[in-house]
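For reference, the structure discussed in these notes is given below.
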Amino acid sequence: MRIPLHMAKEKELKDAGMVMVPPESLPRQLLAEVGNMVRSSRTVRVMLETCTRCGACAAACHSYLGTGDSCNIPALRADLLRNFYHRHFTLTGRLASWLTGRRTDVNEEIERWIDYSYQCNLCRRCAYYCPFGVDTAEIVMAMRYILARVGFVPRFYAVIVANLLKAGNNSGMLKPAVLDCCQFLEEELKEETGLDIKIPVDKPQADILYVPSSTEFTHNVDTLLGVAKVFHALGLNWTISSAMTEAANYGMFIDLDVLKLHNRRIVDAAREAGAALVVMGECGHAWRVARMFSEGANGNIPFKIMHVLELAAQNLDKLTLEKAKMRVTLHDPCNYARAGGIADAPRQILQACVTDFVEMTPNREMNYCCGGGSGMLMDEMMEVRMKLAKMKAEQLRALGRLDALAAPCATCKAQLPHVVRHYKLDIARVTGVMEILGQCLKL
């Protein structure tokens with residue numbers, strides 16, 4: 001299935017620190033980048049050589065179940081890279097190509113890589129079904145990295161990376177705007193609570209560096225308000241760094257060098273603040289990168305990393321809460337439940353905050369992706385995104401009416417309101433977990 005994905009032009013790639021490979025050099029460069037990948041990543045190489053095409057992953061994949069396209073079966077999607085690898089990097093594959101004279105058009109090959117690597121949300125659900133533990137999301141990530149190296153990057157991603165390089169966040173928001181936003185939110189908190197609740201920026205000698213999603217300064221401000229209330233109630237010495245106002249790390253989806261660079265900003269910001277603890281905000285893949293990639297990307301880190309949901313859940317007994325009369329369910333972001341070890345904390349918070357907490361089926365590590373995973377939030381991809389959300393919509397519809405759908409991830413918060421409208425679900429609002437906690441907190 002062809003997808004209407006807008007790819008970055010040469011200038012947009014340049015702004016993101018990337019290059020467009022000339023057409024005449026593309027076959028040679030593609031071969032070189034695949035060679036670099038399989039030589040540098042034993043994990044990818046083993047997974048390319050292990051799949052038996054048993055089909056167990058098909059029943060797990062919301063992309064295949066939503067689109068009905070057999071090429072979205074994880075094993076067949078991975079075959080796009082697997083076949084290239086066998087054809088060029090194994091003796092039997094090279095011999096077969098020589099005997100048959102089989103050749104493939106590199107442009108057609110790249111088109112298929114783009115079409116199918118960007119119908120995968122990298123949710124990793126298929127890995128739970130594979131009898132050999134093959135994680136086809138890792139293969140798809142490798143395909144995206146290779147595509148980026150030869151100049152094929154979605155425009156949406158390239159613009160975000162350019163903003164990261166320029167301003168330290170996805171939206172390109174500069175320090176004056178961050179300071180203005182925090183001052184405005186402090187005034188909102190004063191009006192609501194009568195208390196001087198601070199959202200400190202660049203505070204020296206802070207014990208905690210809080211790393212928010214940049215959406216907490218724009219359309220998810222209630223999440224930042226909830227965080228500020230909780231930190232105030234606990235008497236924490238914390239700050240936000242104006243140089244590091246983005247938890248999300250889109251390098252994970254297209255370029256490991258970008259991942260390392262943005263992750264380094266967290267390390268530098270924590271050292272600058274003197275923080276012993278870095279607390280990550282509500283963003284799924286940001287948590288996975290911080291928890292699992294930090295030391296591999298930038299060496300030993302002189303601080304502890306914790307998620308804001310874990311911190312809040314561990315301190316619930318210190319908070320005065322008034323339960324809201326609400327029927328609420330929790331969407332488990334893929335990079336929490338399947339890749340980040342966070343499943344209990346949000347449930348503990350919601351059970352303490354609302355009168356009627358209900359579970360989706362399945363849930364936790366077996367929950368379905370929202371369809372926006374890996375930052376697939378492009379407007380031109382809306383039709384595809386809604387197909388990818390089909391299984392999530394079926395989960396939600398089975399619950400009936402809900403006062404709130406709690407989705408503690410910036411990407412999920414952006415995707416799920418569209419899902420609610422498209423599938424005409426009886427859900428009053430999509431919200432974050434820290435937002436609900438903040439609203440139930442009595443100060």
Over the alpha-carbon set of region 8-143, work out the extent along each principal axis and list the three values in angstrom, largest first. 41, 41, 28
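Count the net charge of all other residues whose Cβ sits under 12 Å from the Cβ of PRO333, scoring Lys and Arg as +1 and Asp and Glu as -1. Before the final figure, lay out the partial values.
Details: positive: ARG124, ARG288, ARG338, ARG364, LYS392, LYS413; negative: GLU282, ASP332, GLU365.
Summing Lys/Arg as +1 and Asp/Glu as -1 gives +3.
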Once each part is reduced to its C-alpha centroid, what is the distance from region 273-342 to region 70-100 in angstrom? 40
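Is the shape of region 163-273 rounded, prolate or oblate, going by the alpha carbon gyration tensor and its root eigenvalues a ≥ b ≥ c, with a/c under 1.5 for rounded and a/b larger than b/c for prolate?
On the way: a/c = 2.23, a/b = 1.67, b/c = 1.34.
Because a/c hits 1.5 or more and a/b exceeds b/c, region 163-273 counts as prolate.
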Compute the Cα gyration tensor for region 297-345, then decide on rounded, prolate or oblate, letting a ≥ b ≥ c be the square roots of its eigenvalues: rounded whenever a/c is under 1.5, prolate when a/b is larger than b/c in the other cases, and oblate in all that remain. oblate
Acute angle (nearest 10 degrees) that the helix 344-353 long axis makes with the longest principal axis of the chain, alpha-carbon atoms: 30
Computed FRET efficiency, Cβ-Cβ of ARG28 and LEU195, R0 60 Å: what is it to the nearest 0.05? 0.40
Please compute the contact order of the chain in relative form: average sequence separation of alpha-carbon pairs under 8 Å and at least six residues apart, divided by the residue count, as a percent. 16
Using 10 Å bins from zero, what percent of all Cα-Cα pairs in the chain falls into each bin? 4, 21, 31, 25, 13, 4, 1, 0, 0
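Grab the alpha carbons of region 200-336, take their convex hull, and tell me the volume per residue in Å³. Walk me through the numbers before you get to the answer.
Numbers: hull volume 15.9 nm³, N = 137.
Taking only Cα atoms, region 200-336 has a hull volume of 116 Å³ per residue.
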Label-point separation in nm, LEU179 to GLU49, each point 7 Å along Cα→Cβ: 5.7
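Shape of region 40-88 from its Cα gyration tensor (a ≥ b ≥ c, root eigenvalues): rounded if a/c is under 1.5, otherwise prolate when a/b > b/c, or oblate? Present the calculation step by step, with values, prior to reporting the outcome.
Numbers: a/c = 2.42, a/b = 1.97, b/c = 1.23.
It comes out prolate by the Cα gyration axes.
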Roughly how many whole Å is it from the C-alpha centroid of region 352-391 to that of region 162-237? 27
Please list, in order along region 371-388, the HN-Hα scalar couplings obtained from phi with the Karplus expression 6.51 cos²θ - 1.76 cosθ + 1.60 (θ = phi - 60°), rounded to whole Hz, x for Gly and Pro. x, x, x, 6, x, 7, 10, 5, 4, 5, 9, 4, 4, 5, 4, 6, 5, 5
Compute the angle between helix 136-149 and the longest alpha-carbon principal axis of the chain, please, reported from 0 to 90 degrees and rounded to the nearest 10. 80
Rounded to 10°, Cα long-axis angle of helix 256-273 versus longest principal axis of the chain: 20
Spin-label pair ASN300/GLU365, simplified geometry with 7 Å Cα→Cβ offset, distance in nm: 3.1
So which of LYS203/LYS229; LYS198/LYS442; LYS11/LYS387 end up more than 23 Å apart, counting from Cα to Cα? LYS11/LYS387
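When DSSP beta bridges are limited to those with both residues in the chain, what percentage is antiparallel, rounded to the nearest 5?
Values: 3 of 24 bridges.
The answer is about 10 percent antiparallel.
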Considering Cα pairs under 8 angstrom that are at least six residues apart, work out the relative contact order of region 107-228 and quote it in whole percent. 14
Amide H within-cut-off set for ASP356, under 5 Å, with H built and near neighbours excluded: MET326, VAL328
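Of THR431, THR43, how do they rank once you tally other Cβ atoms within 10 Å and put the fewest first? Could you put the intermediate results ahead of the total?
On the way: THR431 23, THR43 12.
With the sparsest Cβ surroundings first, the list reads THR43, THR431.
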Most exposed first by the Cβ proxy, i.e. fewest other Cβ within 10 Å, how do LYS9, LYS413, LYS198 rank? LYS9, LYS198, LYS413
Hey, what did region 169-314 get for relative contact order, percent, Cα under 8 Å, at least 6 apart? 25
Fewest-first sequence of GLU12, GLU111 by Cβ atoms within 10 Å of each Cβ: GLU111, GLU12
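Counting only other residues whose beta carbon sits under 12 Å from that of ALA276, what net charge do I get with K and R as +1, D and E as -1? Write down the numbers at each step before the final one.
Working: positive: ARG271, LYS304; negative: ASP207.
Result for the neighbourhood of ALA276: +1.
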Label point at LYS442 placed 7 Å out along Cα→Cβ; residues across region 334-364 whose backbone nitrogen lies under 19 Å: 349-356
Considering only GLN205, CYS181, ALA148, whose Cα is most displaced toward the positive end of the charge dipole of region 120-219, charges sitting on Cβ of Lys, Arg (+1) and Asp, Glu (-1)? ALA148
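No value in this document is a laboratory result; all are computed from the given coordinates. Keep in mind that what you see is a predicted model, and the values were worked out from it rather than measured. Reconstructed Cβ throughout: ideal geometry from the backbone, glycine too, with neighbour counts over all protein chains shown.
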